[in-house]
Amino acid sequence: MRDGARAVRMGELAVARNAEVLAAIGLGSCIGIALVDTKSRLAGLAHVLLPEPATGREGAPARFATTAVPALLDAMLKAGAARERLVAKMAGGASMFTGLTGNGIVAVGMRNAEAVRRVLAQLKIPLVGEDIGGNWGRTIHLQAQDGAYIVSNVRRDDVVL
C-alpha cells in the first residue's frame, strides 16, 4: 500500500478529499467501486464482496453491490459532491478459483461486476473505466485530488483509470 493511503477493507466504504488516498488491497472476486467528483476533489470507494444480500441477511451496506453503490452515492453527496459531476470506476471481479466453477456457472466476480453496472445504470452514474475479470488479484489506490484510480497487480504494469 502506498504511503499515507487509508485502507478500505471488505464490506467497508470511505470518502476522501483533496490529497487523501484510499486503497483496497488484494481484490480477487471483490469489486472496488469508486465514485469521483474531480471538481470538488472528492472520491469515494466501496469494497464490495457479493452482488446482493441473501434474504434476511443484509449486513453492512458496503458488502453488497446492490446496497454499496447507493450508500456510496449518499456518502459522496453528504461530503459535498455534485451528483451531475459524478463518474464511476471499478476493478476486481476476478475468477480466482476457475477450477471450482462448472460450465455455465457465472463466477461471483463477474456477478459482482454485473450487479455494480446494473445499479450504476439505474442511478444514471456513468462508468468511465474498469479493469475487471481475469484470474489474478488486484490492489487499487484512489486519489481524491485528481480522481486517478490506480490498479496494480503482479502480472502487468499499473493501469490508471
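A short reminder: the numbers here are calculations on the coordinates, not readings from a lab. A quick note: this is a predicted structure, and the numbers were derived from the prediction, not measured. With ideal geometry, Cβ positions are generated from the backbone for all residues, glycine too; neighbour counts draw on all protein chains shown.
Points worth noting:
- Residue-averaged 222 nm ellipticity for the chain, from DSSP H runs of 4+ at -39500 (n - 2.57), nearest 500: -6000 deg cm²/dmol
- Scaled against 2.2 N^0.38 Å for its residue count N, the alpha carbon radius of gyration of the range 6-156 is 0.98.
- Gaussian network model of the chain, Cα within-10 Å springs - most flexible of 14, 65, 82: 82
- Least to most buried among 132, 140 (fewest other Cβ within 10 Å first): 132, 140
- When you restrict to C-alpha pairs under 8 Å that are six or more residues apart and normalise by the size of the range 6-156, the relative contact order lands at 31 percent.
- Residue of 128, 108, 48 that the Gaussian network model of the chain assigns the largest fluctuation, springs spanning Cα pairs under 10 Å: 128
- Residue of 148, 88, 121 that the Gaussian network model of the chain assigns the largest fluctuation, springs spanning Cα pairs under 10 Å: 121
- Angle in degrees between helix 108-122 and the longest Cα principal axis of the chain, rounded to the nearest 10: 40
- The angle between the Cα long axis of helix 65-79 and the longest principal axis of the Cα atoms of the chain comes to about 10 degrees, rounded to the nearest 10.
- Residue-count net charge about residue 40 - beta-carbon cut-off 9 Å; Lys, Arg +1, Asp, Glu -1: +3
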